[in-house]
Amino acid sequence: MDDRAAASPPMPPSDDDASIGISPLAETRHLRWRAGQGAADDRVIPEETAIAFTYNGSTHAVMMASPADLEDLAVGFSLNEAIIDAPGQIEAIDAVTVPDGIDLRIWLSAERAAGLIERRRHVAGPTGCGLCGIDSLAAAMRPPRAVGPGITMTPGQVAAALDSLPPAQHWGRISRAMHAAAFWHPARGLMLLREDVGRHNALDKLAGALARAGIDAADGVLVITSRVSIEMVQKAARIGVSVMIAVSAPTALAVRMAEAAGLTLIAIARADGFEIFTRPDRVPAAEQGMAG
């Protein structure tokens, strides 16, 4: 039996931010030196734009990101930072081009806005940085959300999930410089993929896209094209997946955090195999092979 799902076409990047008029890619003229020869050439490279997250008129954070799928980014960031619990708690999102970047103006319901104001008041340090000292450490090391029972996979399905990414990485194929985060379902194949110059941003965009589409993440797996840090594990657990597959290695802290969350962490995933760092019981064939 072929473990590889008959993949349905993944949902495309959203066009909510099309009116901004900023492409996530740019073309540049440069000098190419190869095999001892120099020549002028053109190359497509990713844009990197300052994005401000402004909630009900007050700026909460600024980060560098690809200027695309901004509503997904707004929703996913808000969910992963526990600013909201559900997309419906956001009343409106306006992406406004400003001289130095893009201002994502997010309007929360009165209840969630009041909660965010109280959170800021509680953690404000003497320098006014918003998150300082002990509070900042506590926020960075917050315990992950425990994942549910989740799903089990065969090694063939792990390979299928990994193989599904390259054809869907539109901007990554062109620029060779963008991360991707994808949601793969055992029966439906690749369902969603989002790209960004930042690995955290790509995952936030995916989280927002999943929530906006009403997709239950517990039914599938997360696949990422980057290393696994603690923040990636925290976001994955909050999204609700039980299995994360990464092409690169995890940090030791990420492994401990994945164990605490009950998340199956598969990393260093390549064409010739993969390594399971936590909860190998969700890939029974691999676990049995190790025992044998």
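The values are calculated or read from the model by the stated rules, or taken from the named source; none is laboratory data. The shown structure was predicted, so the numbers you read here are calculated from the model rather than taken from an experiment. When we count neighbours, we look across all protein chains shown, and the Cβ atoms used for this are built from the backbone with ideal geometry, even at glycine.
Given the conditions (1) surrounded by fewer than 17 Cβ atoms within 10 Å (Cβ to Cβ); (2) in contact with a helix residue (DSSP H, G or I) (Cβ under 7 Å, 6 or more places away or on another chain); (3) free of Cβ contacts under 8 Å to residues at least 60 places away in the same chain; (4) not charged (D, E, K, R), report the number of the one that Ala285 does not fulfil.
Ala285 satisfies all of (1) surrounded by fewer than 17 Cβ atoms within 10 Å (Cβ to Cβ); (2) in contact with a helix residue (DSSP H, G or I) (Cβ under 7 Å, 6 or more places away or on another chain); (3) free of Cβ contacts under 8 Å to residues at least 60 places away in the same chain; (4) not charged (D, E, K, R) except (3).
Could you list, in sequence order, the residues of segment 225-252 that are without any contact (Cβ under 8 Å) to a residue 24 or more places away in the chain and over 20 Å from His179 (Cβ atoms)? Walk me through how you get there before you give the answer.
Quick first cut of segment 225-252, residues without any contact (Cβ under 8 Å) to a residue 24 or more places away in the chain only: 244, 246, 248-249, 252.
Scanning segment 225-252 gives a single hit, Ala252.
Given the criterion within 27 Å of Ala26 (Cβ to Cβ) and either in a strand (DSSP E or B) or modelled with pLDDT of 95 or more (or both), identify the matching residue among Leu193, Leu222.
Leu193
Out of segment 21-68, which residues are under 24 Å from Asn201 (Cα atoms) and of a type in the set (D, E, K, R)?
Glu27, Arg43, Glu47, Glu48
I'd like the full set of residues that are free of Cβ contacts under 8 Å to residues at least 60 places away in the same chain and surrounded by 22 or more Cβ atoms within 10 Å (Cβ to Cβ), limited to segment 259-273.
Correct list: Leu265, Ala267.
With (1) modelled with pLDDT under 90; (2) crowded, with 20+ Cβ neighbours inside 10 Å as the list, and Ile22 as the residue in question, which single condition is left unmet?
The number of the failed condition is (2).
Of the residues that sit in segment 33-48 and are farther than 30 Å from Gly101 by Cβ and not aliphatic (A, V, I, L, M), which one is surrounded by the fewest Cβ atoms within 10 Å (Cβ to Cβ)?
Pass one, segment 33-48, residues farther than 30 Å from Gly101 by Cβ: 33-40.
Still in the running and not aliphatic (A, V, I, L, M): 33-34, 36-38.
Working: Trp33: 10, Arg34: 8, Gly36: 5, Gln37: 7, Gly38: 9.
Restricting to residues being farther than 30 Å from Gly101 by Cβ and not aliphatic (A, V, I, L, M), the top hit is Gly36.
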